[in-house]
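Chemist: First, the structure itself, so that you have it in front of you.
Every number in this text was worked out from the coordinates using simple rules, so none of it is lab data. These numbers come from a predicted model, not from an experiment. Here Cβ is always computed from backbone atoms with ideal geometry, including for glycine, and neighbour counts include all displayed protein chains.
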Ligand SMILES: CC1(C)S[C@@H]2[C@H](NC(=O)CCCC[C@H](NC(=O)C[NH3+])C(=O)[O-])C(=O)N2[C@H]1C(=O)[O-]
């Protein structure tokens, strides 16, 4: 069934609420066939007072996981990878259990502990301790393996950044290139994503970008400018930079069947129920909205930036939204409302 028209007034209200809750700026872009809706409110830079723009680049956090999953599914299409194979078949000796498969990694069912639980137990000090650090994948995995696993392989869903660090190691082993090269040649260039970059371990965002601000742990204190960071704690789990327009192009192409075979796209959408409205496939989330419509994509939470990037089942309508703050659960929750405005339209009075 055709989607209702987006609720542009409602969308504006969601972004304004995010500002009232502490975001310096917020934006959203809806690509609906050939129609583009753009919405901005607030500031990209608290010092210069520059207004935020949908042309601004930003750190997309875990939306990166969908890019990493696409590369591995392309390797599946090229017969270089089997989803049900042990990770240790491709990375001998990496994991303590041969039963952990590539599919478990991509669906957060490996049981590998999430090292960021320790790293960011205290949000701002944790960030300050790592913001300019450069980690190897191995160092991040070793941090995880110091802890017991959360579940036996395949038995439960437990979100863990460690899984997509292992995904990055698989990409580098199976392609013989860095993840940055893999993203560039397999996704960014074919889709002409001119504002999507993997610059790790550089700390700056090249070109026009919005600054990102962490809400302080101390109520009422000034936010922390988190823009300058290596994001090395995340890499293939969260270090890409992009724009709302590029993310919409990416998700529309993915669900439109342009990035992988039909079989791999089907594998990506074998859903594991997370809660009453959310399920997780392979590096892809499905959210079912209040109007019963399901949308497909990923969210991102990296210091300074909250992202929602979702598309319709056929990829014809996509929404990406960004609030340039983090460590602020109210804003993260509020920004979920952009999906309702974009895909459910005006609420019945
Ligand atoms: C599941 C999420 C929300 S968290 C996960 C990943 N981001 C992280 O794991 C880093 C979280 C630290 C961010 C920091 N918060 C704290 O330090 C709180 N202790 C802040 O808000 O600035 C990402 O991105 N994912 C989101 C996702 O996939 O949607």
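Chemist: Assess whether residue 70 counts as being out of contact with any strand residue (DSSP E or B) (no Cβ under 7 Å at 6 or more places or on another chain) and assigned to a helix (DSSP H, G or I).
Modeler: yes
Chemist: Provide a single number: the residues in the range 315-326 that are surrounded by fewer than 24 Cβ atoms within 10 Å (Cβ to Cβ) and within 16 Å of the ligand (Cβ to nearest atom).
Modeler: Qualifying residue count for the region: 0.
Table: residues versus (1) under 24 Å from residue 116 (Cβ atoms); (2) surrounded by fewer than 24 Cβ atoms within 10 Å (Cβ to Cβ).
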site	(1), (2)
47	no, yes
56	no, no
61	yes, no
65	yes, no
75	no, yes
81	no, yes
84	no, yes
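Chemist: From the list 207, 220, which one is more than 18 Å from residue 238 (Cα to Cα) and surrounded by 13 or more Cβ atoms within 10 Å (Cβ to Cβ)?
Modeler: That would be 207, the only listed residue that is more than 18 Å from residue 238 (Cα to Cα) and surrounded by 13 or more Cβ atoms within 10 Å (Cβ to Cβ).
Chemist: With closer than 27 Å to residue 315 by Cα and within 15 Å of the ligand (Cβ to nearest atom) as the only criterion, which of 226, 221, 239, 244 stands out?
Modeler: Going through 226, 221, 239, 244 in turn, just one is closer than 27 Å to residue 315 by Cα and within 15 Å of the ligand (Cβ to nearest atom): 239.
Chemist: Any idea how many residues of the range 91-124 are on the phi < 0 side of the Ramachandran plot, out of contact with any helix residue (DSSP H, G or I) (no Cβ under 9 Å at 6 or more places or on another chain) and away from the ligand (no atom under 15 Å from the Cβ)?
Modeler: So the count comes out to 2.
Chemist: Another question, if that's okay. Where the second residue is assigned to a helix (DSSP H, G or I) and more than 11 Å from the ligand (Cβ to nearest atom) and the first is farther than 16 Å from residue 108 by Cβ and in contact (Cβ under 8 Å) with a residue 12 or more places away in the chain and lies in the range 155-175, which pairs have Cβ atoms under 6 Å and are six or more apart or on separate chains?
Modeler: 169/137; 171/71; 171/179; 171/182; 173/90; 174/75; 175/182
Chemist: Please count how many residues of the range 207-218 are within 15 Å of residue 306 (Cβ to Cβ), more than 13 Å from the ligand (Cβ to nearest atom) and either without any contact (Cβ under 8 Å) to a residue 12 or more places away in the chain or not in a loop (DSSP other than H, G, I, E, B) (or both).
Modeler: Total satisfying the criteria: 0.
Chemist: Another question about this same structure. Scan the range 125-134 residue by residue and report those that are assigned to a helix (DSSP H, G or I) and more than 8 Å from the ligand (Cβ to nearest atom).
Modeler: Scanning the range 125-134 gives 125, 128, 129, 130.
Chemist: Within the range 137-206, considering only helices (runs of 4 or more DSSP H) that don't extend past its boundaries, which have at least 2 residues that are touching a helix residue (DSSP H, G or I) at 6+ places or on another chain (Cβ under 9 Å), closer than 12 Å to residue 68 by Cα and within 16 Å of the ligand (Cβ to nearest atom)?
Modeler: Result: 161-175.
Chemist: Can residue 246 be described as out of contact with any strand residue (DSSP E or B) (no Cβ under 8 Å at 6 or more places or on another chain) and either part of a helix (DSSP H, G or I) or under 19 Å from residue 26 (Cα atoms) (or both)?
Modeler: Here the answer is yes, as residue 246 does meet what is asked.
Chemist: Going through the range 39-67 one residue at a time, which ones are part of a helix (DSSP H, G or I) and closer than 22 Å to residue 14 by Cβ?
Modeler: Selection gives 61, 62, 63.
Chemist: Shifting gears a bit: I'd like the residue in the range 285-303 that is within 7 Å of the ligand (Cβ to nearest atom) and surrounded by 23 or more Cβ atoms within 10 Å (Cβ to Cβ) and, out of all such residues, is nearest to residue 6 (Cα to Cα).
Modeler: Filtering first and then ranking leaves 298.
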